[in-house]
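Every number here is computed from the coordinates shown, using simple stated rules; none is lab data. Not measured: the values here are computed from a predicted model. Cβ sites come from the backbone with ideal geometry, for glycine too, and all protein chains shown count toward neighbours.
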Amino acid sequence: MTSVLVTFRAESEHRETLTKALGNASRIVFLSDVSPQNRAKELSDAEVLISWSVKEELRPEEFKLLDHAKMLQLLSAGVDHLPFNDLPLGLMIASNAGAYAEPMAEHAVAMILATTKNLFDRQMKLRNGIFDQTNVNRMLRGSLVQSWVSVV
């Protein structure tokens, strides 16, 4: 039976989903339920970790306890926040790539529009009591959005 350690503080909805999906094939432990005395043992026994942000969920000295871990499943889309140097060599890392793509795309479009329309500068002027109606703002009609790919 695989030992799965959930490092984030799971709400009841997450607990139900994980237990239903993994319950019969795995021993699921929620780190937030583990007493301080048993924390090191559960981390040492874990074969699979399920985390949001492992760097925030584990203490720096606890990473060395993960020698038996075979896989780290992140619920977040990116891995840029991982302390790779502290993780065991050979640990398989799976992210939730593509998660939050829609809100990120919307955010990118909003930032493009805000920058194009010079909203940041105009907001600062308003905060300073300057209501400038004399400058015509850039119009977007007829504009073209181009994408570019940079190969490293």
Just one of (1) surrounded by fewer than 12 Cβ atoms within 10 Å (Cβ to Cβ); (2) on the phi > 0 side of the Ramachandran plot; (3) of a type in the set (Phe, Trp, Tyr) trips up Tyr100, so point out which.
-> (1)
Odd one out for Arg122 among (1) over 12 Å from the mean Cα position of the chain (by Cα); (2) exposed (fewer than 14 other Cβ atoms within 10 Å of the Cβ); (3) farther than 20 Å from Val6 by Cα = (2)
Would you say Val54 is among the aliphatic types (A, V, I, L, M) and in contact (Cβ under 8 Å) with a residue 40 or more places away in the chain?
-> yes
Answer yes if at least one residue in segment 36-46 is among the hydroxyl-bearing types (Ser, Thr, Tyr), surrounded by 15 or more Cβ atoms within 10 Å (Cβ to Cβ), in a strand (DSSP E or B) and touching a residue at least 24 places away in the same chain (Cβ under 8 Å), and no otherwise.
-> no
Name the pairs whose Cβ atoms lie under 8 Å apart, with the first residue in segment 6-30 and closer than 16 Å to Trp52 by Cβ, the second in a strand (DSSP E or B) and of a type in the set (Phe, Trp, Tyr), and 6 or more positions between them or separate chains?
-> Val6/Phe30; Ala10/Phe30; Arg15/Phe30
Search result, residues across segment 78-97 that are surrounded by 13 or more Cβ atoms within 10 Å (Cβ to Cβ), under 16 Å from Glu56 (Cβ atoms) and touching a residue at least 24 places away in the same chain (Cβ under 8 Å) | Leu82, Asp86, Leu87
Working only within segment 17-37, note down all residues that are small (Gly, Ala, Ser) and touching a strand residue (DSSP E or B) at 6+ places or on another chain (Cβ under 7 Å).
-> Ala25, Ser26
Among (1) of a type in the set (Val, Ile, Thr); (2) under 19 Å from the mean Cα position of the chain (by Cα); (3) farther than 17 Å from Ala94 by Cα, where does Thr7 come up short?
-> (3)
Answer with yes or no whether Ala110 is under 30 Å from Val48 (Cα atoms), among the hydrophobic types (A, V, I, L, M, F, W, C), surrounded by 10 or more Cβ atoms within 10 Å (Cβ to Cβ) and out of contact with any strand residue (DSSP E or B) (no Cβ under 6 Å at 6 or more places or on another chain).
-> no
